[in-house]
Structures are given as C-alpha cells and as structure tokens.
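Structure, as structure tokens:
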Amino acid sequence: MNGRNGRLAGTAASLLLTLFGLVFVTFFIGRVMPIDPLIAILGDHAPEDVMARTRVELGLDQPLVVQFGLYVWRLLHGDLGRSVMSSNLVTQDIARYFPATIELATVAIIVATLIGVPLGVLAAVRQGSVIDKVIRVVCLAGHSIPIFLLALLSLLIFYATLDWAPGTGRADVAFEGMNPVVTGFLTIDTAWAGDWDAFYDAWAHLAQPAGVLAYFSMAFIARMTRAFMLDALAGEYIITARAKGLSALRVIWRHAFGNIAVRLITVLALTYAGLLEGAVVTETVFSWPGLGQYLTVSLLNADMNAVLGATLVVGLIYMALNLFADAAYKMFDPRVR
Amino acid sequence: MKVEIANLTISFPSPQGMSQAVRGVSMTLGAEKLGIVGESGSGKSLTARALLRLLPPAAVVTADRLQFDGIDILKASERDMRAIRGKRAGLILQDPKYALNPIMTAGAQIAEAWRNQKKGSAKEAMQAAIDLLAQVQIRDPKRVAAAYPHELSGGMGQRVMIAMMLAPDPELLIADEPTSALDASVQAEILRLMEDLVSRRGMGLILISHDLPLVSHFCDRVAVMYAGRVVEELAAGELVRAQHAYTRGLLDCLPTLSHPKGRLAVMSRDPAWLA
C-alpha cells in the first residue's frame, strides 16, 4: 500500500515538475523574442509617454524573474491574463476555440482507429500479399503527402469540383449563432436544440477537415499496428495457440492482438494528443476556428498571453494522455503491474 | 493412432534457389515413444511440426505420404487440421517463457485449450485447468492457475505447457526440446512426469532433443537425424550397436563418469554423410 502511495506521489511530483518546466520554457521563449508586446497593443505610432506608462501598468518594466513569478502566481489562480487581440481573458478564448478542436480531433481519431487498426492487422496477417501492398501504398500516401496539400486537394475535389461538401469554416453563415452553446460542440449542440438542418450542416462542415486528419492519422496507426502485429505473430506463443487448435480469428485477436493492445493504446493516445494540440495546418486551410488557428494567429500577432495559455493547454493534454497511456499499460500488461 | 511419414522434404526459398532443410525423411509411429536426436538445423523440429502443419508460411512441403491416423496432412483443410491440433496431437515447445502468452494467466490458457475441444462453461473449464495442474504435480494448483507466465519458474511453466497440451486428451504428444531451457535438476523431473503421463494415457510421444543418452533413456526408439536425413533408426537399448559413423561419433564425444577419458573426442564430419 505504501509503495503504491509512493508511486502516486512520484508520478504527481514528476507531473508538476514537467508542468513547471513547460511554463518556464514557454514563458522565457516568449519574453526573449525580439518583439515588443507594447507595439502589438498600442501600435507603432504611440507616443513615448503612453508607451512608458503602459509598460509599467503591465509590469513589463520589472525584471524577467519577477514577471515570471507574477505569471506563475496568476496561473495558480486560474488567470492566464488577457489576450491583446480579442481583449478577452485567455481562458475565455480557449474555452471558445478549444471545443472546435476537440470535436475535430475526436471524430478524426475515432475514424482513423476504426479503419487503421483493422487495416494494420489485415496487412500483418496477409504479409506480402496484394492486400498488404495495397494497404502499404494507401498508407504511404497518407503519411508522405504534406497535410496542407491533402487539405487543398480535398477542397479542390470535394468542394470545388464535385460540390459534395460545403466549403471552409465550422458552419454555414445561415446557422451561425442560431443555437445556444451548451457543450461548444456544434454536432451536439445542434442536436440538443433539435435543429436538424444545422446538425446536418455541422457534420457536413466537419467531414472534410476530419477526413483529412483521419486519413493522415489512419496511415500512421495502420503502419504501427502492422509492425506490432508482425512482431506479435512471430511470437512462440502464437505457435502454442495454433497447436492448441484455436481458430485463426482467436489466434489473431485474442493472442496476437491482445499482446499489442497496450502498445497500440500509447500510439493512439499520442496521435490523439497530436490532433488536439491543434492540427495547425489543417485548421488554417479549412478556416476551422480551433486551438491551432488561435495559436497561429496569436503567434503572428505577438499576443504572448494567448500563446502562453494555449501552449500550456496543449502541454497539459499531452501530459494527461501520457498519464492515461501509462495507466492503460498497468491495467492491461500484468508484467508491469 | 498411427503416424506415417514417407520421403518428406521441406524446403525454403533462398537467394540461391530452394534450400532443402529436410531431405527425404521416412518414419512411422504408433502409441510408442520415439526420440528424434540431431544437432541444430538437422531438421528434427521441422519434421515434427510438419505433422501439425505448423511450419513457417514460406516452407514448401512434399512427401510420398504424410498421414496422421489416415488423414492426409498435405491435403487436409485448415478445418481438418484444427481437429488434429490440440485435440489429437499436442505440441510442447522449448521455452515456456516465450511459449506461453504473457498476458493470460496459466489457468486461462489451459482452460482455453480444454474448452476449445470439450466446450462447457468457463467455470467448468477453469476447474478442469486446476485439476490438470494437479495432474502435472503442481502443489498449489489454484495459485498457479491465477499466476501469469512471468511469475512462474521455468519448470513450473513447462508443467503448465504440459497440462495445457494434455487438456483435450490427445493421442500424440510432440515435445520439441522440452527441457533444453530448464535447469539440469528440473530436466529429469519434467521428463519423468511427461513419460509417466504419456505411458499412463497410452499416448504416442515424439521427443525431440539433442541429448542422445537422455532420449535413449526415455524412449523406445531413437531416430538420429543429420543434415535433413534420418541417418540411423534403432531401438533405444541398442544404441551401443549403432552403425552410422555420425551416431558413433556422437557417442564417442560424451564424457562419462564411469570411464573417464583424458581428452574428449571431437566429431570429424565426413562430407559423404551429406550425400
């Protein structure tokens, strides 16, 4: 029992340390950049005395260490400061933009997993066959074509040429702001409100960016699954399982796949984290108002509070999903319990 | 139960063309204990695995006859093979550390083998698994049934393997170097256990090993393999009358306690043996 508490304490300590490191690095990178945050706020024609007064008001005249201490102090109170661009609290901005990214990333990872894992297993079981080669080509394309190109091609084909999908953005102008925000996920909020036209519109808008991200992630997931499965299928215990007279399905799924599930969960968790951190390029191409776009625009405008806040959220997600993968490891693999 | 092998060849594609690993092996086996002895690469494991059709996918198998109790293994469907594997013939591999599924408890793995042939509920299967563990002389079968392979010693793991393969009451047991990964003190125990169970159930046994004296001690007949061929086959008691130079050479290389030698003989291989 004691060892367990000790381990928990150790995990918590290392998490806190990681988080502190993250704040530290992002903060100082933000501050040593040769950008004067005042220009972003006041413009470059502001008089000297206004500049000086604002500098003092924002505490920017203080030594960096003091500024950092102040930032951490506010952070501990849930205050990420104010965004210069939107003049909202950064926490409000994130609460507004993040659901769009979660929605996009979640749909993408679900589709990618449901397609990628079976494809990977199939490729491994039929190693060297035509199916394996076809899957390899499909995955190689998803993996090696730059995602901005995929996104543009998708727009060109499904929007501009075939006109199957609506254009960019999250919803048609006609539906924007029509339904109350409950969860921030349009696909849920519209259904909640019973506005089925808007519901359909939300899914239609989601389909393209989610499809592009899903294809990209699916390619990676399938390749990893294939590699893991080949490794597992070469195990002696597979021969044992077959010698027991088990069906091929049971050998593949219970014995081989059972042994790779843990490693696969780690891959899926990190892929999901990657998507959540804001698929910056995809969100930009599809004008998807998510965290990635927020981060990009903030960075281009030297809106350092916004950048810092968004980066922290991304870091937290990574850490949380890592923690989840670790927990899954302990749950599914008796050897590390 | 009768196993008949006539002129079995197993080859693998290689950059230099097909390379033959087993080159015309013939043997028959009833409810008896046959030992197959040979060095690494002599084809003894492949020969045994061909019987269950558990060879690597790249293997190309030909034979005038390869039959298990009248079933033509070369032509049998995968479904027919599954009726042989486990149910009628079990296979014990060398190292339980790798041959047992690391994420399933010992009990679950035995129960799975039992249930696969005998059907029945999960509860019955687990009870059967515990009974089987007791049969392989594990003192605390309940605890071992709940243990994962990494929590078991090598000897225990091999007992679990034996219990698992005996679960469906097969007629033939193929043991592929079942004791090579074990401590010397445990080796004899495991072999004795296996011999005892096989004799009591009237099963056939194929014991593959590179340990000639050990095999001759536990088996009725011994087949000596070299470079993909059976070079000699004789009753275990007649080992001293072995004719083939390879067998003689193997015997000469053995140190004994009763007749100490100053310097052990080294095998000198005659290229003619390969022909």
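The values are calculated or read from the model by the stated rules, or taken from the named source; none is laboratory data. All figures in this text were calculated on a predicted structure; none of them were measured in a lab. Please note: Cβ atoms are built from the backbone with ideal geometry, for glycine as well, and neighbour counts cover all protein chains shown. These accessible areas exclude ligands, DNA and RNA; they are computed on the full protein's heavy atoms, side chains included. Shrake-Rupley method; radii C 1.70, N 1.55, O 1.52, S 1.80 Å.
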* Accessible solvent surface per residue of the protein assembly as shown, calculated while the other protein chains remain in place, 1.4 angstrom probe, Å² -> 49
* Structure fact -> Residue ranges of DSSP H helices in chain A that stretch 30 Å or more (Cα, own long axis) and have mean Kyte-Doolittle hydropathy of at least -1.0 are A:2-32, A:90-125, A:196-233, A:304-332
* To do: Could you calculate the FRET efficiency of residue A:114 with residue A:152 from 1/(1 + (r/R0)^6), where r is the beta carbon distance between them and R0 is 22 Å, rounded to 0.05?
  => 0.30
* To do: Give the dimensionless ratio obtained when the Cα radius of gyration of region A:135-174 is divided by 2.2 N^0.38 Å.
  => 1.44
* To do: Treating only the Cβ atoms of Lys and Arg (+1) and Asp and Glu (-1) as charged, compute the dipole magnitude of region A:168-321 about its Cα centre; round to the nearest 20 debye.
  => 1180
* Taking amide hydrogens as modeled 1.01 Å from N in the peptide plane, which residues meet the under 5 Å criterion relative to residue B:174, leaving out close sequence neighbours? -> B:90, B:91, B:92, B:206
* **Prolate/oblate/rounded call for region B:108-212, Cα gyration tensor, a/c under 1.5 rounded** => oblate
* To do: Could you tell me the distance between the Cα centroids of region B:29-92 and region B:180-198, to the nearest Å?
  => 23
* Structure fact -> Taking region A:2-76, the whole-percent share of alpha-carbon pairs separated by over 19 angstrom is 52
* Asked: If you take the charge dipole of region A:5-134 about its Cα centre, with +1 on Lys and Arg Cβ and -1 on Asp and Glu Cβ, which of A:25, A:118, A:76 is farthest toward its positive end?
  -> A:118
* FRET efficiency for residue B:185 and residue A:270, Cβ-Cβ distance as r, R0 = 51 Å, nearest 0.05? -> 0.65
* Asked: Which whole-Hz couplings ³J(HN,Hα) result when phi for each residue of region B:62-71 is put into the Karplus expression 6.51 cos²θ - 1.76 cosθ + 1.60, θ = phi - 60°, listed in order with x for Gly and Pro?
  -> 10, 6, 5, 8, 9, 10, 10, 6, x, 8
* Order the peptides A:175-183, A:89-97, A:214-222 from the highest to the lowest mean number of other Cβ atoms within 10 Å of their residues. => A:214-222, A:89-97, A:175-183
* Counting only the backbone N, which residues of region B:1-22 are under 14 Å from the spot 7 Å out from the Cα of residue B:236 toward its beta-carbon? -> none
* Asked: Other chains near B:93-106: what is the mean number of their Cβ atoms within 10 Å of each residue's Cβ?
  -> 5
* With N set to the residue count of chain B, report its C-alpha Rg divided by 2.2 N^0.38 Å to two decimal places. => 1.04
* Distribution of pairwise C-alpha distances over the protein assembly as shown, 20 Å bins, in % -> 16, 35, 26, 18, 6, 0
* **Within the accessible area of the protein assembly as shown (1.4 Å probe), percent carbon and sulfur** => 61
* Asked: So which lysines pass the test for residue B:44, namely a Cα distance under 24 Å, with those fewer than 8 places away in the same chain ruled out?
  -> A:244, B:2, B:33, B:75, B:87, B:97
* Asked: Which residue, chosen from B:107, B:126, B:93, occupies the Cα position most advanced towards the positive end of the dipole of region B:69-164, where the dipole is computed from +1 (Lys, Arg) and -1 (Asp, Glu) charges on Cβ about the Cα centre?
  -> B:126
* Go through region B:41-85 and name the trypsin sites (Lys or Arg not before Pro) that are in a DSSP coil and have 14 or fewer other Cβ atoms within 10 Å of their Cβ. => B:75
* Which FRET efficiency, nearest 0.05, do residue B:60 and residue A:249 yield, Cβ-Cβ r, R0 35 Å? -> 0.85
* Asked: Just how much of residue B:253 is accessible, in Å², when a 1.4 Å probe is used and the result is rounded to the nearest 10?
  -> 40
* To do: Classify chain A as rounded, prolate or oblate, taking a ≥ b ≥ c as the square roots of the eigenvalues of its Cα gyration tensor: rounded when a/c is under 1.5, otherwise prolate if a/b is larger than b/c and oblate if not.
  => oblate
* Asked: Name the residues of region B:71-91 whose accessible area falls by at least 40 Å² when all protein chains are present instead of the chain alone, probe 1.4 Å?
  -> B:82, B:85
* **Low-density loop positions, trypsin sites (Lys or Arg not before Pro), region B:175-275 - DSSP coil, at most 13 other Cβ in 10 Å** => B:261, B:263, B:269
* In deg cm²/dmol and to the nearest 500, what is the mean residue ellipticity at 222 nm of chain A if only DSSP H runs of at least 4 residues count, each as -39500 (n - 2.57), divided by the residue total? -> -23500 deg cm²/dmol
* Ballpark to the nearest 100 Å², how much total accessible area do A and B bury together, probe 1.4 Å? -> 2200
* Structure fact -> Quick note, region A:155-260: a/c under 1.5 would make it rounded; otherwise a/b > b/c is prolate and the rest oblate (a ≥ b ≥ c, C-alpha gyration tensor); here it is prolate
